[in-house]
Amino acid sequence: MKILVLNCGSSSIKYKLYNMDDESVLAQGGVERIGIDNAFIKVTLPSGEKKVIMHDMPDHKEGVNFVFKTLLDPEIGAIKSLEEIDAVGHRVVQGGDKFNQSVIVDKSVEDGIEELCDLAPVHNAGHLKGLRAVDALMPGTPQVCVFDNAFHSTMPDYAYLYAVPYELYEKYHVRRYGFHGTSHRYVSKRVCEILGLDVNDSKIITCHIGNGASVAAVLNGKVLDTSMGLTPLAGLMMGSRSGDIDASAVTYIMDKLGMKPQETADYLNKQSGVLGITGISSDMRDVENAANEGNERAILALKMYSYRIKKYIGAYAAAMGGVDAVVFTAGVGENQTGMRFDACENLDFLGIKIDKEKNDKIRGKEAVISTPDSRVKVVVVPTDEEIVIARDTKELVSK
């Protein structure tokens, strides 16, 4: 069985084609700048070499169509006919209260995703465009949606509700949803395999640390709590997102800067976080380089960044009554050794002892980076959201 996984953003499409007989990746790449000048597709060849092809893509239908053309290309493609693709799996950011597990797409599912656009206007609109493009180009091909917040749907009400009038939850679904769920789901299970733990008797803290970042408390295989909220803005300090902030500080900022609600949301999502503190970049590699050169605001940003991760690790250890393993994943979590060390330093009282020498050597691969006598294991696990989507898609279309 061959399954194509699509992750459609507002102006981009990432894709992977799997042979599910052995879960091998047959092709992968990404489309950028849909609807913008100088659109292109970047294809990763079997050799690991990347090839960039410029192509005008005014909309997602043309973007998906060009992905298909690339997959069929005699030189860099992987299939001879679109009929070889048995199903398409999609990542969808916001499933709200409507979707707490992966589903086969029909009109009611598309309508449900559209109804949730208020909660994730940019993301869900992009996902819908991808779904409808596949509908138009490959009619009758089964499609599956895997929702980013679904793994977090096990949170108890006392964890996901905000302390605001209850009618806001009843009427407008105002609550904590959480995101990066597919990643948290993958790494929380994978770390149990690595350490020989029973997933149903485990206390895992998963730290998905990328340009967007979130932490989850996974108790016996189910999420007890997570740092992101109604939207991905809440929780940790991120590349350009503020993370947790006093609501009164938000209204104060609006008043002082004369901002409207959407302008304020953009300010906190796109101009804050690491970028806002440093004034340099939202990319942690740039900030780390600047800190190494003595830039004081870059040094401050790194301290703020790791301090907030440390706070969530401590809070979630308390919430679960202990912790067996702390997992770092995603771009920063897998590669930024200094962040991992700072986030775990001085947590000996929780049983967390990170091995600095081991940690310094590990980038982008699975490894235990805690000391042999550390009661809590600290582990790097590269995430693989696409294989989770492919597996869910295979399971549903095979029924």
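Among 87, 290, 330, the largest mean-square fluctuation in a Gaussian network model of the chain (Cα springs under 10 Å) belongs to 290.
Which residue, 181, 294, 48, tops the fluctuation ranking in a GNM of the chain built on C-alpha contacts under 10 Å? Most flexible of the set in this elastic network: 48. Between region 112-159 and region 367-399, what is the C-alpha centre distance in whole Å? Centre-to-centre (Cα) distance: 22 Å. Sorted on the mean count of surrounding Cβ atoms within 10 Å across their residues, most packed first, peptides 55-61, 29-35 read 29-35, 55-61. Fully extending the segment from residue 59 to residue 111 would add 16.7 nm, taking 0.36 nm per residue of separation and subtracting the current Cα-Cα distance.
In the frame of its principal axes, region 231-282 has Cα extents of 26, 21, 15 Å, reported largest first. Along its principal axes, region 2-147 has C-alpha extents of 44, 39, 25 angstrom, given from the largest down. Averaged over residues, the count of other Cβ atoms within 10 Å places the peptides 159-167, 146-154, 109-117 in the sequence 146-154, 109-117, 159-167, highest first. Ligands, DNA and RNA left out, the 1.4 Å accessible surface of region 197-380 is 49% carbon and sulfur atoms.
At 37 °C and a viscosity of 0.692 mPa s, what translational diffusion coefficient does Stokes-Einstein give for the chain, taking Rh as the Kirkwood radius over Cα pairs? Give it in µm²/s as a whole number.
Working: Rh = 22.1 Å.
This corresponds to a translational diffusion coefficient of 148 µm²/s.
Amide H to amide H, with H built 1.01 Å from N, residue 375 comes under 5 Å of 353, counting only residues 5 or more places away or on other chains.
When both bridge partners sit in the chain, DSSP labels roughly 70% of those beta bridges antiparallel.
How big is region 197-380 by the Kirkwood estimate over distinct Cα pairs, in Å? Roughly 17.0 Å, rounded to one decimal. Database remark: amide H of residue 27 closer than 5 angstrom to the amide H of 17 (H placed geometrically; neighbours at sequence offset of 5 or more, or on other chains; Pro and chain starts carry no H). Around the amide H of residue 55, modelled in the peptide plane, lie the amide H atoms of 39, 40, 41, all under 5 Å away and 5 or more residues distant in sequence or on another chain.
Over 28 Å between Cα atoms: which of 98/394; 189/399; 189/361; 189/311; 14/80; 16/310 fall into that group?
Distance filter (> 28 Å) returns 16/310.
Using a probe of 1.4 angstrom and keeping all protein chains present, the accessible surface of the chain works out to 46 square angstrom per residue. Counting only DSSP beta bridges whose two residues both lie in region 197-380, roughly 60 percent are antiparallel.
Summing charges over neighbours of residue 295, with a neighbour being any other residue whose Cβ is under 15 Å away from its Cβ, gives -2 when K and R count +1 and D and E count -1.
The values are calculated or read from the model by the stated rules, or taken from the named source; none is laboratory data. Please read all numbers here as calculations on a predicted model, not as lab measurements. All Cβ positions, even for glycine, are placed from backbone atoms using ideal geometry, and neighbour counts span all protein chains on display. Note: areas computed on protein heavy atoms with side chains; ligands, DNA, RNA excluded. Shrake-Rupley method; radii C 1.70, N 1.55, O 1.52, S 1.80 Å.
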